[in-house]
Amino acid sequence: MNDSSWSIFVVLLVLLSFILVGLRQKSRESQEYGFGGRYTGRIGGGAAIASNWMSAASLMGLAGIIYLRGYQGLAYVIGWTGGYVLLLVLLASQIRRFGKFTTPEFVGERYGSPAARLLAAVIAIAISVIYCVAQFKGIGLIFAFMFGIGYEQGVTYGALAVVSYLVVSGALGVPRNQQLQYLVICVAFIVPLMWLARKLGYFWLLPQFGYGRALTDLAREFRIDFTLPFAGDSLFEWCALCFTLMVGTGGLPHVLSRFYTVPNVRDARWSVVWGLFFIALIYWSAPAFAVFGRLLEARQGIAFTPVTARASADVIALKTALMAGLPGWLVGVLAAGALSAAFFTVAGLLMTGAASISHDIYYSFMNPKASERARMQVAKGGTLVLAALVLLVALNPPGLIAEITAVAFALAGNTIFPLFLLGIWWDRANRYGAIAGMFTGVLCTVAQPLLGGVLPALASYFPVTASALCGAPLVICVMIAVSLATPAPPEEMRRFLEQEVHGHLD
Amino acid sequence: MSRPEKPYKVNLLRPKEGHMRDEVRIILAILFGWGVCTFGFQFLVYACRGTGAGSLLTRLTLFNLPLHFWFTGQFLPLWFIVLCVIFNIYVDRITEYHSRRRDRSYE
């Protein structure tokens, strides 16, 4: 078998095993407990947080952006881990005590406004769509690699595969075993890296540290200084990007709703620590792929020009594995890990997005008398519409995987993070403030493409992938100003916040 | 006749006495540690560029990685984990303290 048929084989094997394990788990659970979902402890909860988080952005985009931009790319590593600190200390236990599962539900309840809820639902769906575009790009690239076809064809086949997976697993009612998923994704990323380090003659037991020598060799043999800080970019850009990704993490709807799967607040907090550790395992490794990739390219005399490097950045991990001559099955394992991460992220996001269309937009706003069946049909149709929309954008992707994902984070950090922060920590925030804040947040996110031509000086403070450093504080100020200028929210909400959310131990 | 106490207004910057004040204290401490190490270090690297201290930051190596690259790429994620562990231990402790005062339910 050659490389690509090996990878097709391994990928099919992995996806099939997820379905089989899910089905076995389902039959066992319905015998033991009578309902799905079981508690797996703090470590299990952490693995679930990490597998929920892992996507094409972590497994393909991260190595790509570091390969392309060196030290600047580390802003992604820091942004996507440091965000969990914000989430844990400011929001995790409070959201749980508030007791609303999804972002639109929280906004609707806290701000007591159907309009704010509708707006939050639309924004949450937009975030999912942007996030999915990045995943689709990853899926398309891997499909193109596996079947040796063009990118457009790859992404179309990938979309078909995702939708048919959704239909099959939905019809069978397969629960996701997220612990197994994390294990597979983590092993599929780190074992090829260890093999790579060993083959290149570096310390392979912990390639996360072993790549330091490769960095030194790169500088000595080829005079490539990979680590130069702030070479092409400014300090402002680094910090803005890092901050945006951090607040975006704290505002990403599918991350926020994770805290309800754990039975008590204390275990929810500790599972965040485990989750962060599991995520960091991958993030410590990603720069190694980037460094090995640069080294191998330099040794094989492939020139590093901005255009060619940009084209190959997102598949640099796979490319490095091929350049180093890793065995075909191992390349397949690497592809299978990244593909299943992207696959399950898309499946989860499309499903929650469609549920939100059906529940928060159609049922709550357009047709409150809708029957169960009609809502179900809207949800199914919504999945297809969202998938088609994502495919349409992904056919001509506007940037690298990490960059597209960063836009989704910017939107989340500019809109949903301030809503939650003030909603939890300031009882005077009201519906007018929330609505004004959301509009300002959307405006900040699109400021650069919108105003770039007219007011370039202003637009430069809101770079499209990093608009939240100026955006989120601005939105918070707007929310405070508008809330103070309009009537206070009802007394019941204030009392609820004081007694239930912050007064559970008084 | 005593007037009823003025109701407490929820505000991060003016926490209520008891559990909430302790909680906010540790939140602000953790956020300080988070902000200084993440952004403060980048300012330091930027400010020291081209000077003796700057070349120290980029020439000294740890695990063969230049110090600044190691700090950002490897130490900071670890530091975030440490911060989260400190936060959880502290919150566990104040939760225990305040629930013991109330009814020993620990939750």
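Where a number appears in this text, it was derived from the coordinates with a stated rule and is not lab data. Note that the structure is predicted; figures quoted are calculated from it, not measured. Here the Cβ is made from the backbone with ideal geometry for all residues, glycine too, and neighbour counts use every protein chain on show.
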Point to revise | Qualifying residue in the range A:211-227 (condition: closer than 30 Å to A:Gly41 by Cβ and either of a type in the set (D, E, K, R) or in contact with an Asp or Glu (Cβ under 7 Å, 6 or more places away or on another chain) (or both)) | key: no
Review point. Of the residues B:Ile26, B:Ile30, B:Ile86, which is more than 9 Å from every other protein chain (Cβ to nearest Cβ) and closer than 27 Å to A:His504 by Cα?
Key: B:Ile86
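Is the range A:495-505 home to any residue that is away from chain B (no Cβ under 14 Å), more than 25 Å from the chain's Cα centre (by Cα) and either buried (at least 17 other Cβ atoms within 10 Å of the Cβ) or in contact (Cβ under 8 Å) with a residue 12 or more places away in the chain (or both)?
Pass one, the range A:495-505, residues away from chain B (no Cβ under 14 Å): none.
No.
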Review point. How about the range A:313-351: which of its residues are assigned to a loop (DSSP other than H, G, I, E, B) and β-branched (Val, Ile, Thr)?
Key: A:Val315
Point to revise | Residue count for the range B:38-51, restricted to those that are part of a helix (DSSP H, G or I) and either surrounded by fewer than 19 Cβ atoms within 10 Å (Cβ to Cβ) or within 10 Å of the chain's Cα centre (by Cα) (or both) | key: 7
Check your understanding: When the range B:52-70 is examined, which residues are found to be assigned to a helix (DSSP H, G or I) and not basic (Lys, Arg)?
Key -> B:Gly52, B:Ala53, B:Gly54, B:Ser55, B:Leu56, B:Leu57, B:Thr58, B:Leu67, B:His68, B:Phe69, B:Trp70
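Among residues belonging to the range B:1-37 that are assigned to a helix (DSSP H, G or I) and acidic (Asp, Glu), point out the one that is nearest to the chain's Cα centre (by Cα).
Start the filter on the range B:1-37 by keeping residues that are assigned to a helix (DSSP H, G or I), which leaves B:19-37.
Then keep just the ones that are acidic (Asp, Glu); that gives B:22-23.
Details: B:Asp22: 14, B:Glu23: 12 Å.
Selected residue: B:Glu23.
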Revision key, fill the gap. Out of (1) touching a Phe, Trp or Tyr at 6+ places or on another chain (Cβ under 8 Å); (2) without any contact (Cβ under 8 Å) to a residue 12 or more places away in the chain, the one A:Tyr151 does not meet is (1)
Point to revise | Which numbered condition B:Arg59 misses (of (1) over 20 Å from A:Phe230 (Cβ atoms); (2) more than 10 Å from chain A (Cβ to nearest Cβ); (3) among the charged types (D, E, K, R)) | key: (1)
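Just checking, which of A:Ile435, A:Ile424 is crowded, with 19+ Cβ neighbours inside 10 Å, in contact (Cβ under 8 Å) with a residue 40 or more places away in the chain, out of contact with any Gly (no Cβ under 9 Å at 6 or more places or on another chain) and farther than 23 Å from A:Tyr84 by Cβ? Before the answer, list the steps.
Numbers: A:Ile424 fails: farther than 23 Å from A:Tyr84 by Cβ.
After ruling out the rest, the residue left standing is A:Ile435.
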Point to revise | Pair list, Cβ < 9 Å and 6+ apart or interchain, from the range A:457-475 residues that are free of Cβ contacts under 8 Å to residues at least 40 places away in the same chain to residues that are part of a loop (DSSP other than H, G, I, E, B) | key: A:Ala459/A:Gly452; A:Ala459/A:Gly453; A:Ser460/A:Gly452; A:Tyr461/A:Ser467; A:Phe462/A:Val446
Revision key, fill the gap. Exactly one of A:Phe236, A:Phe243 is within 13 Å of chain B (Cβ to nearest Cβ), part of a helix (DSSP H, G or I), within 24 Å of the chain's Cα centre (by Cα) and surrounded by fewer than 18 Cβ atoms within 10 Å (Cβ to Cβ), and that residue is A:Phe236
Check your understanding: Given the conditions (1) part of a helix (DSSP H, G or I); (2) out of contact with any Phe, Trp or Tyr (no Cβ under 7 Å at 6 or more places or on another chain), which single one is not true for A:Gly453?
Key -> (1)
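Being of a type in the set (Ser, Thr, Tyr), within 11 Å of chain B (Cβ to nearest Cβ) and more than 30 Å from A:Ala388 (Cα to Cα) narrows it down to one residue among A:Tyr111, A:Tyr71; which is it?
On the way: A:Tyr111 fails: within 11 Å of chain B (Cβ to nearest Cβ).
Among A:Tyr111, A:Tyr71, only A:Tyr71 is of a type in the set (Ser, Thr, Tyr), within 11 Å of chain B (Cβ to nearest Cβ) and more than 30 Å from A:Ala388 (Cα to Cα).
Just checking, which of A:Ala63, A:Ala144, A:Ala75 is over 24 Å from A:Thr352 (Cβ atoms), touching a Cys at 6+ places or on another chain (Cβ under 6 Å) and part of a helix (DSSP H, G or I)? First the steps, then the outcome.
Working: A:Ala63 fails: touching a Cys at 6+ places or on another chain (Cβ under 6 Å); A:Ala144 fails: touching a Cys at 6+ places or on another chain (Cβ under 6 Å).
After ruling out the rest, the residue left standing is A:Ala75.
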